[in-house]
Amino acid sequence: MKNFVQNGDVLTFTANGAVSSGGVVQLGDNVFGVSQTSVLDGEEGEAVIEGVFILPKGTGVGSAIAQWASVYWDGTAVVDEPTANSKMGVATLAADDAATTVNVKLLPGSAGEAPAGP
C-alpha cells in the first residue's frame, strides 16, 4: 500500500507545558494519549493513544466510578462527569471514592461522537 503512513497507536505531539512520562496528553477534543517519556514545554513527544492505563482519578465524596462507565478528563484527573469535560474512554475496573487512580481504556479519535451514517 503506497498510502500507508503509520499504525496510529502512537502519535507525535508538541507539549503545551511540561509532561511527565505516563502523563495524560490531550491531542484534540476527544483524543487522548499517554506520554511515553517526559517532555519539556514546546518539545515533541510520543503519546500512546490505544490501550488501558492507570490514571489519576478525582477524589472525594461522590467521585466513585463504576466499571464500564464513560470517563472524562477535567484537566488534572479522570472523572465520570461529562459537563465541561472531554470524553477520554471507559473505566475497565470500578474505583471507589477513596481511590486515587482508575484503569481507563482510551478511546482514540472522536470518542464522544456518534458514528457517521450513510
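The values are calculated or read from the model by the stated rules, or taken from the named source; none is laboratory data. Please read all numbers here as calculations on a predicted model, not as lab measurements. FYI the Cβ positions are ideal-geometry reconstructions off the backbone, even for glycines, and counts take in every protein chain you see. Just the protein is used for accessible areas: all its heavy atoms, side chains included, with ligands, DNA and RNA removed. Shrake-Rupley method; radii C 1.70, N 1.55, O 1.52, S 1.80 Å.
Determine whether region 28-51 contains at least one residue that is under 15 Å from V104 (Cα atoms), touching a Lys or Arg at 6+ places or on another chain (Cβ under 9 Å) and aliphatic (A, V, I, L, M).
No: zero hits.
Evaluate region 95-102: report whether one residue or more is among the charged types (D, E, K, R) and surrounded by fewer than 18 Cβ atoms within 10 Å (Cβ to Cβ).
So far as region 95-102 goes, yes, one or more of its residues are among the charged types (D, E, K, R) and surrounded by fewer than 18 Cβ atoms within 10 Å (Cβ to Cβ).
If you scan region 50-85, which residues turn out to be among the small types (G, A, S), open to solvent by 30 Å² or more (accessible area, probe 1.4 Å) and under 13 Å from the mean Cα position of the chain (by Cα)?
Selection gives S70, G75.
In this structure, does L93 turn out to be part of a strand (DSSP E or B) and of a type in the set (A, V, I, L, M, F, W, C)?
no
Residues of region 20-49 being open to solvent by 40 Å² or more (accessible area, probe 1.4 Å), among the aliphatic types (A, V, I, L, M) and at pLDDT below 95, which ones?
Listed by number, the list holds a single entry, L27.
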